[in-house]
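A short write-up of the structure that comes next.
The values are calculated or read from the model by the stated rules, or taken from the named source; none is laboratory data. The structure displayed is predicted, hence computed values, not measured ones. Cβ placement follows ideal geometry from the backbone for every residue including glycine, while neighbour counts extend to all protein chains displayed. Heads up: the accessible areas ignore ligands, DNA and RNA and are worked out on the full protein's heavy atoms, side chains in. Shrake-Rupley method; radii C 1.70, N 1.55, O 1.52, S 1.80 Å.
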Amino acid sequence: MNKFILSLAFILCVSFAFLGGGYAKKTCSFPFCRDFTMYLQNLKDFFSDDTEEPSQNKNYGAVTELSTNFSQITLRWIELPVESGTLYGGLQYNNKNNTFIYSTQSGVFYEIDKFNVERGNKLNIPDFKVKQSPENGSFWDLDYDRLGVRDFVLDTKNNVAVIAVSELDVERSCHQISVYSYDLQVKKDKWSKIFTTDCWDVGIGDSIGGGLANIKRKVYLTIGTNSRFTGVDFFSNHQDVIQENGLGRVIEINLDTNKTQVYATGFRNSQGITVTPADQIFTVEHGPQGGDELNLVNQGEDYGFPQLTLGVNYGDTEWPFLNPELGQKKSSVPPIFSWVPSIAPSDIEYNSFYKGISGLTDCELVIPTLREESLYFVRLRNGCRDLVNIEKLYIGERIRKLAINPVDKTFLVTTDGDKEIGYISFN
């Protein structure tokens, strides 16, 4: 009986996929195929009826009161109508509609207006081969859960959409991060691949970066060191190993010319990147065992990895390249702050509604974490340059992405692998 039910469910799912895909192609296979003012309406047109029943292990809609020394906070959980959890994807505030836009790892977009969530359309990105192999072409057939959408930028002021995808190059049997852009002023269903990393023939893992931020008509992409380059054995040639593989850097992409350049180097795995109104670029970085970093990134600078870190080698008590005989880089830029032990920072956002504390601070960065299941409020002064204090707010979930609504003074956070989003308001 169980086999019969499973077989019937499989047939129905396959049939729905083919029929649904055909319907989407006949109407609008792409959220940006019309004017951007119609974008959210296009998303609503492609809602599916396959939403799962609400989970019983989370009291959705219930209010939890939290507090820090300086704030009273309300947390509510929203359930997403997704087929399964997601590790990555993207999250961003949409200032045109005063809503949030969320993308799953597989490229399904949602509009989130306070506690209302609506299903969006799956992106039709060219060569979106994130889980494909020559032997089996189905998107999810290979269980590489680190592939897919890593981050996205919707810059409505400059009429551009940009997305970073961790994907496979099937023909070369290797792994890469590709960046695609879409001109929102052009009424054509056309993405352009504007950047691709070197194709790595090593294992796929967390340590590949993929964070995106934009300043005017330029986009900044973080590239990590990939999973198999995180151990000491792979750094026998020190920086040459990273340099030759195009790893551990921030890339600047000019959207007008599609020209790219290495903006900064010496990072292990910066998954989060943000910019301030003064066009300062901040990243948060996963260190090895310890040594997670907050960096203010300036063009042309080297931030030290793998020679310099406050972390240690896994299972050891030191980082071997700190030995002066191995060529310590004295010119490297130190981090603003480094966490030991690790907190596992997954994202970073500039808090645009922050007003400062008693004249002592003028800038706040908010950092969600995986290991600590918390939000960290990092407060600075002197134009967001000098660290004053760091305050921790425990949430109790591994937090993956964060977006901030400055109008309503709210945060939205996604959790690691769960079908839920946390809606945080400041009282």
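Looking only at region 192-233, count every residue that is modelled with pLDDT under 80 and either open to solvent by 50 Å² or more (accessible area, probe 1.4 Å) or within 20 Å of Leu147 (Cβ to Cβ) (or both) and tell me the total. Let's see the steps before the verdict.
Of region 192-233, the ones modelled with pLDDT under 80 are 200-207, 226-233.
Cutting the leftovers down to either open to solvent by 50 Å² or more (accessible area, probe 1.4 Å) or within 20 Å of Leu147 (Cβ to Cβ) (or both) gives us 200-207, 226-230, 233.
Result for region 192-233: 14.
Which condition number does Val262 fail, the rest of (1) open to solvent by 40 Å² or more (accessible area, probe 1.4 Å); (2) touching a Phe, Trp or Tyr at 6+ places or on another chain (Cβ under 6 Å); (3) not in a loop (DSSP other than H, G, I, E, B) being met?
(2)
If Asp240 satisfies all but one of (1) modelled with pLDDT of 80 or more; (2) not in a loop (DSSP other than H, G, I, E, B), what's the number of the condition it fails?
Of (1) modelled with pLDDT of 80 or more; (2) not in a loop (DSSP other than H, G, I, E, B), only one is false for Asp240: (1).
Would you list the strands (runs of 3 or more DSSP E) that sit entirely within region 306-401 and hold 3 or more residues that are touching an Asp or Glu at 6+ places or on another chain (Cβ under 9 Å)?
Working: elements: 337-339, 363-368, 374-381, 386-394.
Filter on region 306-401 gives 337-339, 363-368, 374-381.
Take region 271-305 and flag every residue that is part of a strand (DSSP E or B), farther than 30 Å from Pro406 by Cα and not charged (D, E, K, R).
First, the residues of region 271-305 that are part of a strand (DSSP E or B): 271-275, 281-285, 289, 292-297, 302.
Subset that is farther than 30 Å from Pro406 by Cα: 289, 302.
Listed by number, the list holds a single entry, Gln289.
Given the options Glu301, Glu373, name the one that is of a type in the set (Asp, Glu), out of contact with any Lys or Arg (no Cβ under 8 Å at 6 or more places or on another chain) and surrounded by fewer than 21 Cβ atoms within 10 Å (Cβ to Cβ).
On the way: Glu373 fails: out of contact with any Lys or Arg (no Cβ under 8 Å at 6 or more places or on another chain).
It is Glu301.
Among the listed residues Ser346, Ser331, identify the single one that is farther than 24 Å from Thr104 by Cα and either among the polar types (S, T, N, Q) or out of contact with any Gly (no Cβ under 7 Å at 6 or more places or on another chain) (or both).
Working: Ser346 fails: farther than 24 Å from Thr104 by Cα.
Ser331 is the lone residue from the list that is farther than 24 Å from Thr104 by Cα and either among the polar types (S, T, N, Q) or out of contact with any Gly (no Cβ under 7 Å at 6 or more places or on another chain) (or both).
Just wondering, is there one or more residues in region 114-133 that are under 20 Å from the mean Cα position of the chain (by Cα), modelled with pLDDT of 85 or more and either open to solvent by 20 Å² or more (accessible area, probe 1.4 Å) or among the β-branched types (Val, Ile, Thr) (or both)?
For region 114-133, residues under 20 Å from the mean Cα position of the chain (by Cα), modelled with pLDDT of 85 or more and either open to solvent by 20 Å² or more (accessible area, probe 1.4 Å) or among the β-branched types (Val, Ile, Thr) (or both): absent.
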